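The values are calculated or read from the model by the stated rules, or taken from the named source; none is laboratory data. All values derive from a computational prediction rather than experimental measurement. Note that we place each Cβ from the backbone using ideal geometry, even for glycine, and neighbour counts take in every protein chain shown. Remember, those area values only see protein heavy atoms, side chains included, never the ligands or the DNA or RNA. Shrake-Rupley method; radii C 1.70, N 1.55, O 1.52, S 1.80 Å.
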Amino acid sequence: MSAREVELAELLARAQDGDLEACDRVLRDCRQDVARIAFRYLGPSPDLEDVVQEALLQVYRSLPAFKGESRFSTWLYRLVANVAKMHLRAKGSRPQLAAIEAQEAPRHDEGRIASDEATARRRRASALYRLLDNLSDKKREVLVLHDFEGMAPKRIADLLDTPIMTVRTRLFYARKELYALMTESPELRELLSELRPAADEGEPSP
Amino acid sequence: MNAHQPKVAALLALEEGALSEAGRHRLLRHLDGCALCRNTQESMRDYARVSGEIRALDPPAMDWERLMPDAPSHSDAGPRRVRGPASRAGDGYRWALAAVILLSVVGAGGWLMRLWGGDHAPVATRPAEPPSVALNEPEVPAADAPAATWVLLASDRVRARQADGSEGATGPLARMPEGTRVQLWAGARMDLATEGGASLSLRGLAQTASTRPTDEADDQADDQAAEPFGAELVLERLRLRHTRLQLLRGELSQQVPSLAAGERYEVVTAAHRVSVRGTHFTVESDGHGTRVQLFEGTVDVFDRNDRRITQLTAPSSWQAGMHADDPPAGVTEVSAQAAANHAPLQWRPVDDAVALTLPTLARVREWQFEHTRVSAELPFRAGVARDTDQLLATLVDGRIVPVPLAATAEGLVLTEAALGELSRARRLGRAPGNLTPEQLVPVVERGQPALQRCYERTLRNRPDVSVSVTLRLSLRDNGSVQHAALRGQPAPPAALSKCVERVALMWRFPSPGGPFTFEAPIRFRPVY
């Protein structure tokens, strides 16, 4: 056990005994992880703050129930992932932004639309996350953990308590479905055209 | 027909350089002649680029240190400033104290989120224009203190009367105190957010012979006085731990967060009381009967003597004594589409919100923003986050297009270009198509056996299903079906809707020569 792990274990024990300062420290230490995990699941979404809020509250509420049977990071990951998944499930029954026929869009007011690269990246990410809504929960989760979070299949298998071959299979079919969706999505195709090498040499957009 | 599937596994191997030389040549030869596989390969490469970008993206910066209050031991220095759900944190003192601290941080973090325009701005400075709608944040109140309620959206033809009889404000982010009576004429809409975290959307119903105006409606002195209200709602009790709404008439859709022990949220109609624990549901009243549609969670329905009539579990619908020609009281299923049609604005007010003003326009049927849809039949104003730069418009021909917004001193409005484009009665260069009933009916008739199978499959699980529905079809220029939606009142079972819509998407009509939408009435009744 490293010194950091020992320190965390002591902190958790104190927090579970009702030490408010220890609770506060735990929250401070893990809040960035909570935000990152929620962000990976949801992407650039206006709901992110709600999910982070709910997840942090769940951490507070569930801390007394943490028994140390898994690593704290794994426990935290599962907790935040569950909150994010519940949110996505609930969102499924609310109205979604339907696919946009980008070529028919009215011309934008140039003064309002920022054209910097960061905004473009965020739009591409948003468009891709919208396509993820078409995948099943299980496929989406594996894809997000592997391709966006950069997690190894073995770690995903441990996290989800699933055989590693199942993880690989889900990942393959998730990507396959996503490629098909991308091929059919005019909105994303238009956004992605900025990324392709040929587009770099073309005329600047009006 | 040969339904070729893209060779994803082989293409992945090609991208990773894992194919043998011979295999590589074979696949490249195949790619030369297969547009589907070439497109898939392009999508794979695009995906690799974008997923790489996403991996490098960090969550938006939240200025934790600036926003985090003092350590808990110093937290009794004064009341905390919180907004929205923060005041609903845990039960025990120990956890509640910590939660108040935590949620203050998260709430302010959310403020940063809305300013997040670029990658991850560290500490965003607020832009000077347009001026924000002032929103004074409440101090942490006691559990039973009045809870703030804000107007998020109000169309034309709405009014609010306060408990003392004075006229209340209905503009975006105006506060509605306890005792306010909200009155809407037919077709109007008002969305509210409570400090307890609930979102409400009140809509005025069209008047029927069975609906009668209340005394208050007869008292109106303006031009609209002769017309009875389509909705009336009294905000009877607005406390952090107890919300009680009296729905005299109209449709009230609500999204309520999970309630803690001891918290109550209830809607009272003329004959019933609907009590929830955290759910998405709609209550409709015509002044006599009640209809409840439940999309998430569980609700209890009581009569006015507090005897429980039924407990509903989503997705389901229950009604009693609404209209004479409605089915008798009972429980039926509701569809996800119905939930989508009744979603209130889910947005929480923040202190940098601005007013968005939208007019009625010839080509727009519906607006979409902040995860909700708003009919464009009436002009309306809504409070939205300052960095909102566009919304979506559903046009009368069914297409959905993004519409840019411009900032003015009064708030956000449509850009001049968008206003001009959407005001035109018809889109230049693309006239809508047309088909006669003689051209439509044979195709629908040919599809009847498949519809019959859908119905029979539904009857296996729901032997009592008998519904009259409308199938709305949007056709492409070439006559293929672009979109199919089955609607009805009461809503058809979700399984039936899905099956019918799937079948209808395969129909092929004669070319209408342009986008064309029509509706076909269908009646599903068992034959004994």
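Computed quantities for the displayed model
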quantity: Any hit, segment A:117-140, residues being facing chain B (nearest Cβ under 9 Å) and either assigned to a loop (DSSP other than H, G, I, E, B) or at pLDDT 90 or above (or both); calculated: no
quantity: Any chance A:Leu181 is modelled with pLDDT of 90 or more, surrounded by 15 or more Cβ atoms within 10 Å (Cβ to Cβ) and assigned to a helix (DSSP H, G or I); calculated: no
quantity: Every residue from segment A:35-74 that is over 16 Å from the mean Cα position of the chain (by Cα) and charged (D, E, K, R); calculated: A:Arg61, A:Lys67, A:Glu69, A:Arg71
quantity: Considering residues of segment B:243-258 that are of a type in the set (A, V, I, L, M), closer than 19 Å to B:Gly321 by Cα and in contact with a Lys or Arg (Cβ under 9 Å, 6 or more places away or on another chain) only, the residue least open to solvent (accessible area, probe 1.4 Å); calculated: B:Leu252
quantity: Residues satisfying the stated conditions in segment A:7-37, i.e. in contact (Cβ under 8 Å) with a residue 60 or more places away in the chain and under 15 Å from A:Tyr60 (Cα atoms); calculated: A:Leu12
quantity: Residues satisfying the stated conditions in segment B:193-207, i.e. under 17 Å from B:Ser375 (Cβ atoms) and under 17 Å from the mean Cα position of the chain (by Cα); calculated: B:Leu200, B:Ser201, B:Leu202, B:Arg203, B:Gly204
quantity: Every residue from segment B:285-303 that is open to solvent by 10 Å² or more (accessible area, probe 1.4 Å) and over 20 Å from the mean Cα position of the chain (by Cα); calculated: B:Gly287, B:His288, B:Asp300, B:Phe302, B:Asp303
quantity: Residues of segment B:270-284 classified as open to solvent by less than 10 Å² (accessible area, probe 1.4 Å) and in a strand (DSSP E or B), total; calculated: 6
quantity: Which listed residue is loosely packed, with under 15 Cβ neighbours inside 10 Å, of a type outside the set (Asp, Glu) and either modelled with pLDDT of 85 or more or assigned to a strand (DSSP E or B) (or both), from B:Arg502, B:Arg523; calculated: B:Arg523
quantity: Candidate set from segment A:31-60 (those that are part of a helix (DSSP H, G or I) and open to solvent by 40 Å² or more (accessible area, probe 1.4 Å)); member that is farthest from A:Arg14 (Cα to Cα); calculated: A:Asp50
quantity: Segment A:192-206, residues that are more than 9 Å from chain B (Cβ to nearest Cβ) and modelled with pLDDT of 70 or more; calculated: none
quantity: Residue pairs meeting the criteria (Cβ under 8 Å; at least 6 apart or on separate chains; first touching a residue at least 60 places away in the same chain (Cβ under 8 Å) and within 21 Å of B:Arg472 (Cα to Cα), in segment B:388-400; second acidic (Asp, Glu) and open to solvent by 20 Å² or more (accessible area, probe 1.4 Å)); calculated: B:Arg399/A:Glu101; B:Arg399/A:Glu104
quantity: Top-ranked residue in segment B:369-391 [being within 11 Å of chain A (Cβ to nearest Cβ) and open to solvent by less than 10 Å² (accessible area, probe 1.4 Å); ranked as farthest from B:Ala186 (Cα to Cα)]; calculated: B:Ala385
quantity: Residue list for segment A:9-23, filter: open to solvent by 10 Å² or more (accessible area, probe 1.4 Å), assigned to a helix (DSSP H, G or I) and within 10 Å of chain B (Cβ to nearest Cβ); calculated: A:Leu20, A:Glu21
quantity: Breaking point among (1) of a type in the set (A, V, I, L, M, F, W, C); (2) touching a strand residue (DSSP E or B) at 6+ places or on another chain (Cβ under 7 Å); (3) open to solvent by less than 20 Å² (accessible area, probe 1.4 Å), for B:Trp507; calculated: (3)
quantity: Qualifying positions in segment B:461-480 - aliphatic (A, V, I, L, M) and assigned to a strand (DSSP E or B); calculated: B:Val467, B:Val469, B:Leu471, B:Leu473, B:Leu475
quantity: Residue within segment B:195-209 that is touching a Leu at 6+ places or on another chain (Cβ under 8 Å), modelled with pLDDT of 85 or more and more than 16 Å from B:Phe380 (Cβ to Cβ) present; calculated: yes
quantity: Test: B:Thr243 is touching a residue at least 40 places away in the same chain (Cβ under 8 Å) and not aliphatic (A, V, I, L, M); calculated: yes
quantity: Hits in segment A:141-176 - residues which are facing chain B (nearest Cβ under 10 Å) and more than 15 Å from the chain's Cα centre (by Cα); calculated: A:Phe172, A:Tyr173, A:Arg175, A:Lys176
quantity: Residue list for segment B:48-81, filter: modelled with pLDDT of 50 or more, open to solvent by 10 Å² or more (accessible area, probe 1.4 Å) and part of a helix (DSSP H, G or I); calculated: B:Ala48, B:Arg49, B:Gly52, B:Glu53, B:Arg55, B:Ala56, B:Trp64, B:Glu65
quantity: Pairs with Cβ under 6 Å, 6+ apart, first in segment B:423-439 and part of a loop (DSSP other than H, G, I, E, B) and at pLDDT below 80, second among the small types (Gly, Ala, Ser) and open to solvent by less than 90 Å² (accessible area, probe 1.4 Å); calculated: B:Ala425/B:Ala362; B:Ala431/B:Gly514; B:Pro432/B:Gly514; B:Gly433/B:Gly513; B:Gly433/B:Gly514
quantity: Which listed residue, of A:Leu63, A:Leu27, is at pLDDT below 85, more than 20 Å from A:Val142 (Cβ to Cβ) and surrounded by 21 or more Cβ atoms within 10 Å (Cβ to Cβ); calculated: A:Leu27
quantity: Qualifying positions in segment B:481-493 - farther than 13 Å from B:Thr517 by Cβ, at pLDDT 85 or above and not in a loop (DSSP other than H, G, I, E, B); calculated: B:Leu486
quantity: Close pairs from segment A:70-83: first assigned to a helix (DSSP H, G or I) and of a type in the set (D, E, K, R), partner open to solvent by less than 40 Å² (accessible area, probe 1.4 Å) and modelled with pLDDT of 85 or more, Cβ under 7 Å, at least 6 apart; calculated: A:Arg78/A:Leu159
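Residue by residue, here is whether (1) under 30 Å from B:Gly321 (Cα atoms); (2) of a type outside the set (Lys, Arg); (3) without any contact (Cβ under 8 Å) to a residue 12 or more places away in the chain; (4) surrounded by 18 or more Cβ atoms within 10 Å (Cβ to Cβ) holds:
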site: B:His483; (1), (2), (3), (4): no, yes, no, no
site: B:Arg487; (1), (2), (3), (4): yes, no, no, no
site: B:Pro493; (1), (2), (3), (4): yes, yes, no, yes
site: B:Leu496; (1), (2), (3), (4): yes, yes, no, yes
site: B:Glu519; (1), (2), (3), (4): yes, yes, no, no
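Results for (1) more than 18 Å from A:Phe172 (Cα to Cα); (2) small (Gly, Ala, Ser); (3) in contact with a helix residue (DSSP H, G or I) (Cβ under 8 Å, 6 or more places away or on another chain); (4) modelled with pLDDT of 85 or more, shown as yes or no for each residue.
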site	(1), (2), (3), (4)
B:Ala9	no, yes, yes, no
B:Cys34	yes, no, no, yes
B:Cys37	no, no, yes, yes
B:Ser43	no, yes, yes, no
